[in-house]
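Have a look at the structure below, then the notes.
No lab work stands behind these numbers, since they all come straight from the coordinates. Fair warning: this is a prediction, and the values are worked out from it, not measured in the lab. With ideal geometry, Cβ positions are generated from the backbone for all residues, glycine too; neighbour counts draw on all protein chains shown.
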Amino acid sequence: MNNLLNQALEAATITDQTATSTGFTYEAPAAGYTTARFVSYIEVGKQPQRAYQGVEKADAFEARLTFELNGPKHITTYEHEGVQKTRTNLIRITTTISNNEKSNFFKLLEKMAYGRNDIKHMAQMLGEGFLVQVSHNKSKDGKKTYANLKSDVWNVGQPATTDPISNETRILDVPIETQDIQLLLWNSPSQEQWDSVFIDGSYEREVDGVVVTKSKNFIQETAMAASNFVGSPLEALVSVGMMTDIMTPPPAAKATPERNTIRPEGVANDDPLAALGLV
């Protein structure tokens, strides 16, 4: 993971994003303030866009971000094989990468940097903690509730609060992430990055009355389906990896230890936001 974080920090030397130009049932994470960690930054290349007012739009370069919410209201308890476990809520954001200062991406980058001039690329902040405000919105039919980190503006910022009386700033403790860090940089990929977004396994789904088996590895598949994949640095990396797989016998299977996400007793109630009236 340390190598991935080092590669994330080096992203700004390759692309300056601040250079402006003119198995669970889904339940939306609770609304309100919470601390969170930025655990995933994945560039998936140029992807199809929805038509706007009947007019087709060109494919756009997309990134997928994931924030792990770790406040007490965002810990889900469940039972697995007779063992009580917990997992954190996640919020995933898909956004078009743009250095236009009016774009959603650039505005989010600015909020996450909160005035730090050394931040030149979103990936530099991978693994960092933030204070976020979760908001809800409904689907068009009103049947589903979605959680977002954006209302009129992006509600993501420094993990700190200011006392309204003393005007003193207090830095909040943000729990370490339980999710694996994921990174994929389209123009400077590495095998470690590519491996970090791999999802093993498959699932069955009914399509037109027929049960079909689908791969869970949707991130890699989405990237390889990008309209600019052919001829890209990512294609070159993947091609080399495929040739290596063909020429090298597979290693003996190893048991993968299950990540223990059981939260220590009392941690869920130790909320730094509670005393500040933000929960």
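Here are some notes:
- Pairs of Cα atoms farther than 21 Å apart, the stretch 98-185, %: 46 percent
- Protection-proxy order for peptides 201-213, 136-148, 65-77, 113-125, each taking the mean of Cβ atoms within 10 Å per residue, highest first: 65-77, 113-125, 136-148, 201-213
- Across all directions, the shadow cast by the convex hull of the stretch 2-186 built on its C-alpha atoms averages 14.2 square nanometres.
- Exposure proxy ranking for Ser188, Ser227, based on other Cβ atoms within 10 angstrom of each Cβ and starting from the fewest, stands as Ser227, Ser188.
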